[in-house]
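Peer 1: Have a look at this one before I ask anything.
The values are calculated or read from the model by the stated rules, or taken from the named source; none is laboratory data. Keep in mind that this is a model prediction, so the values were computed, not measured. As a convention, Cβ positions derive from the backbone with ideal geometry for all residues, glycine included, and neighbour counts pool all protein chains shown. Ligands, DNA and RNA are stripped out before the accessible areas are found, and what is left, the full protein with its side chains, is counted by its heavy atoms. Shrake-Rupley method; radii C 1.70, N 1.55, O 1.52, S 1.80 Å.
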Amino acid sequence: MSRPRVLEAMAALQDHARALRGSRTLDLFAADPDRFAKFSVALDDFLLDFSKHRIDGETLRLLLALAHAADLEGARAALFAGEPVNLTEGRAAAHWALRDLSDRPLIVGGENVRGAVEAEREKVYAFARALRSGELRGAGGAPFTDIVNIGIGGSDLGPAMAARALAPFGKGGPRAHFVSNVDGADMADTLAGLDPARTLFIVSSKTFTTQETMANAALARAFIVERLGEAAVAAHFAAVSTRLDKVAEFGVDSSRVFGFWDWVGGRYSIWSAIGLSLVIAIGPENFTEFLRGGFDMDEHFRSAPLERNIPALMGLIGVFHRDVEGRAAQAIIPYDQRLARFPAYLQQLDMESNGKSVTRDGGVAEFATGPIVFGEPGTNGQHAFFQLLHQGTDVTPIDFLIAAEPIDADAHHHALLFSNCLAQSEAFMRGRTLAEAKSQLAAAGLGAARVEALAPHKVFTGDRPSSVLLYRRLDPRTLGRLVALYEHKVFVQSAIWDINPFDQWGVELGKELANRLAPIVEDENAPLAGLDGSTAGLIRWRRREA
Ligand code: F6P
């Protein structure tokens, strides 16, 4: 479908950006003392500062015009109406329904799902309460001290990221472990520290067919059978899936099986029963606060005008960098050690959603789509890859995330952390000119020849864009806001790019080929005919070496 109004709006944006490239962001601050107020937006204690991007009021106006041309508001209305916005799979994408804590009807695919959503959540909560209180015990009567979630992708990354982020809220609960990789080392290393009599395994898989998860679940089952006997399996396993028939085949007791719906995408499933391990780790009350944070962001995204709408602005600024400035990557740097897995979580959310080159109706995408997302917590990243971000030949926009106050950490450390975060954001914008580098070196007492030789190495171009997300503290509600914010940011971008963010056909081919290769790798006499030269050569090499 051709979208002439969108193409026109993008062209206008490109023209304006070209003109703005002559200015420096610092000059934009100098020219407007209110720039911070104008280029930041808050949802009570949750602030987005986007003033350090080289954009002005006209850029924002043109970005909003682009959003209108792409009918972002229409796309948002369809999402929250529970329409089948996931066109290729003919489904709604109603993860928002799982965290709607109001009492209005939740219409998904024409049906009110509120009763089903709340009943399933209550079942999850009851199980978590019983486990945390010690009422639910292992086969030999011991309370559970450890739980192991077995899942991958969306059935792992969300609960694993959040359990780590909210560790201080997990006091009194069992230790939570996460096994995802089909590399047997993942399970072996986890099991090594565990007492089977006190360990519960939760097999989490939307489809209950995923190779890695099924292989790991079989390993865990064998571990329990070997240590405690076949009769203990029922007491040591629970499962979460949309395919209750397949769970029954695996043999998990039906009272310990928790369901969700095909209108919840895997990478959006943390809000569903897939969050079971997180609910057990932090307790139902804290999980409800997490849902509340997601709901806060939904209400904001649905009702705030686009010019004051945090997900819309973040999405549009991302589109500006990707399609106008040609930036291929996006860094996510939480100055919050407990968010160490947040960049990995966002990699799936963003790259599996918007890593597409086909439009919703099957045409060729008109614009460059999703960026490469990567990141590590600060300050660690500063001592690793920030060199390239400061002085490399590519410019990468950065999202910095930081709390105003720490939880369970001393004030001095937090002051250092906070200063580093702001210093980096400032340094990326400010840069250092050749003249400044020379005068600094001269002031340090270096001779003229040395100053000339060294100065070029000490130049920073500056005008490297970053946003700062500043929240009061990393509690369950804040984390809920953060996750929902990025979900909606990704959605906003998908609407501008006219792509379906809710399918993931790009993961299929590798899965098919792995299933075809597995028997050939396992049976060393299997013929290699029909394989390409590299694949056959590598298998032959392994047969010789292994
Ligand atoms: O590899 C793609 C994927 O389908 C993800 O979208 C999903 O989160 C993950 O695999 C796990 O799938 P499942 O929950 O069905 O095991």
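Peer 1: Can you give the net charge of the other residues whose Cβ lies under 9 Å from the Cβ of F428, counting K and R as +1 and D and E as -1?
Peer 2: Details: positive: K52, R430, R464; negative: E426, D463.
Counting the neighbours of F428, the net charge comes to +1.
Peer 1: Using the charge dipole of the chain (Lys, Arg: +1 at Cβ; Asp, Glu: -1 at Cβ; taken about the Cα centre), state which of A248, S303, G537 has its Cα farthest towards the positive end.
Peer 2: G537
Peer 1: In percent, how large is the relative contact order of the range 25-97, given Cα pairs closer than 8 Å and 6 or more residues apart? Working shown, then result.
Peer 2: Values: 47 pairs, mean separation 11.9, N = 73.
Relative contact order for the range 25-97 comes out at 16 percent.
Peer 1: Let me ask you something else. Name the aspartates and glutamates eligible as straight-distance cross-link partners of K246: C-alpha to C-alpha under 16 Å, and not fewer than 8 places from it in the same chain.
Peer 2: Partners found: E212, D262.
Peer 1: Next question. Counting each DSSP H run of 4 or more residues in the chain as -39500 (n - 2.57), what helix-only mean residue ellipticity at 222 nm follows after dividing by all residues, to the nearest 500 deg cm²/dmol? Please report the intermediate quantities before stating the final value.
Peer 2: Details: 22 runs with 252 residues, N = 546.
Result for the chain, helices only: -14000 deg cm²/dmol.
Peer 1: Further question: What Kirkwood hydrodynamic radius do you get for the range 299-422 when you take the inverse of the mean 1/r over all pairs of distinct Cα atoms, in Å?
Peer 2: On the way: mean 1/r = 0.0612 Å⁻¹.
Hydrodynamic radius (Kirkwood, Cα pairs) of the range 299-422 is 16.4 Å.
Peer 1: From the C-alpha gyration tensor of the range 138-230, pull out the three semi-axes of the equivalent ellipsoid (sqrt of 5λ each), sorted largest to smallest, in whole Å.
Peer 2: Working: eigenvalues 76, 72, 23 Å².
Over the Cα atoms of the range 138-230, the semi-axes work out to 19, 19, 11 Å.
Peer 1: Let me ask something else about it. Tell me, what is the per residue accessible area of the chain in Å², probe radius 1.4 Å?
Peer 2: Numbers: 23060 Å² over 546 residues.
So the chain comes to 42 Å² accessible per residue, rounded to a whole number.
Peer 1: I'd like the FRET efficiency for L422 and L388, computed as 1/(1 + (r/R0)^6) with the beta carbon distance as r and R0 of 22 Å, rounded to 0.05.
Peer 2: After rounding to 0.05, the efficiency reads 0.60.
Peer 1: Then there's this: Protein chains only, probe 1.4 Å: how do R542, R99, R473 rank by accessible area, largest first? Write out the running numbers ahead of the final one.
Peer 2: Details: R542 130, R99 0, R473 70 Å².
Per-residue accessible area, sorted high to low, gives R542, R473, R99.
Peer 1: For the ranges 449-455, 46-52, what's the packing order if you count other beta-carbon atoms within 10 Å of each residue, average per peptide, and put the highest first? Mind showing how you got there, number by number?
Peer 2: Numbers: 449-455: 14.3, 46-52: 21.0.
Put in order of decreasing packing, that is 46-52, 449-455.
Peer 1: I need the P(r) histogram for the range 389-546: all alpha carbon pairs, bin width 10 Å from 0 out to the longest distance, whole percents.
Peer 2: 8, 18, 18, 17, 20, 16, 4, 0
Peer 1: Using a 7 Å offset from the Cα along the Cα-to-Cβ direction at both L20 and L87, what is the distance between the two label points in nm, to one decimal?
Peer 2: 3.0 nm
Peer 1: Order of 270-281, 120-131, 199-210 by packing, highest average Cβ count within 10 Å first? Each step should come with its number before you reach the end.
Peer 2: On the way: 270-281: 27.7, 120-131: 18.2, 199-210: 23.8.
The packing order, highest mean first, is 270-281, 199-210, 120-131.
Peer 1: Continuing with the same structure: Using a Cα-Cα cut-off of under 28 Å, which lysines could be cross-linked to K356, ignoring same-chain neighbours fewer than 8 residues away?
Peer 2: Filter leaves K206, K489, K511.
Peer 1: I've got another one for you. At 15 angstrom or more along the helix axis (alpha-carbon based) and mean Kyte-Doolittle of 0.0 or higher, what helices does the chain contain? Whole DSSP H runs only. Show your work: numbers first, answer last.
Peer 2: On the way: long enough: 4-20 (24 Å, 0.13); 57-69 (18 Å, 0.93); 114-133 (28 Å, -0.54); 211-228 (25 Å, 0.35); 284-303 (28 Å, -1.01); 411-430 (28 Å, 0.12); 476-497 (32 Å, 0.28); 508-522 (22 Å, -0.05); 533-545 (18 Å, -1.12).
Passing helices, by number: 4-20, 57-69, 211-228, 411-430, 476-497.
Peer 1: With r as the distance between the Cβ atoms of K246 and Q337 and R0 = 41 Å, compute the FRET efficiency 1/(1 + (r/R0)^6) and round to 0.05.
Peer 2: 0.60
Peer 1: K438: which lysines have alpha carbons under 16 Å from its alpha carbon, excluding same-chain residues fewer than 8 sequence positions away?
Peer 2: Cα-Cα hits under 16 Å: K458.
Peer 1: Set the Förster radius R0 to 51 Å, insert the Cβ-Cβ distance between E111 and S357 as r into 1/(1 + (r/R0)^6), and round the FRET efficiency to 0.05. Present the calculation step by step, with values, prior to reporting the outcome.
Peer 2: On the way: r = 34 Å, r/R0 = 0.66.
After rounding to 0.05, the efficiency reads 0.90.
Peer 1: Where Rh denotes the Kirkwood radius from the mean inverse Cα pair distance, what is Rg over Rh for the range 27-171? Provide the component values of the computation, followed by the final result.
Peer 2: Values: Rg = 22.6 Å, Rh = 20.4 Å.
Rounded to two decimals, Rg over Rh is 1.11.
Peer 1: In nanometres, what is the gap between the two model label sites at A415 and L528, each 7 Å from Cα along Cα-to-Cβ?
Peer 2: 6.4 nm
Peer 1: On the accessible surface of the chain, probed at 1.4 Å, how many percent belong to carbon and sulfur atoms? Mind dumping the intermediate values first?
Peer 2: Numbers: 12480 of 23060 Å².
The computed percentage sits at 54.
Peer 1: While we're looking at this one, here's another question. Could you sort 300-311, 31-42 so that the peptide with the highest average Cβ count within 10 Å comes first and the rest follow in order? Walk me through the numbers before you get to the answer.
Peer 2: Values: 300-311: 17.8, 31-42: 13.7.
Going from most to least packed, we get 300-311, 31-42.
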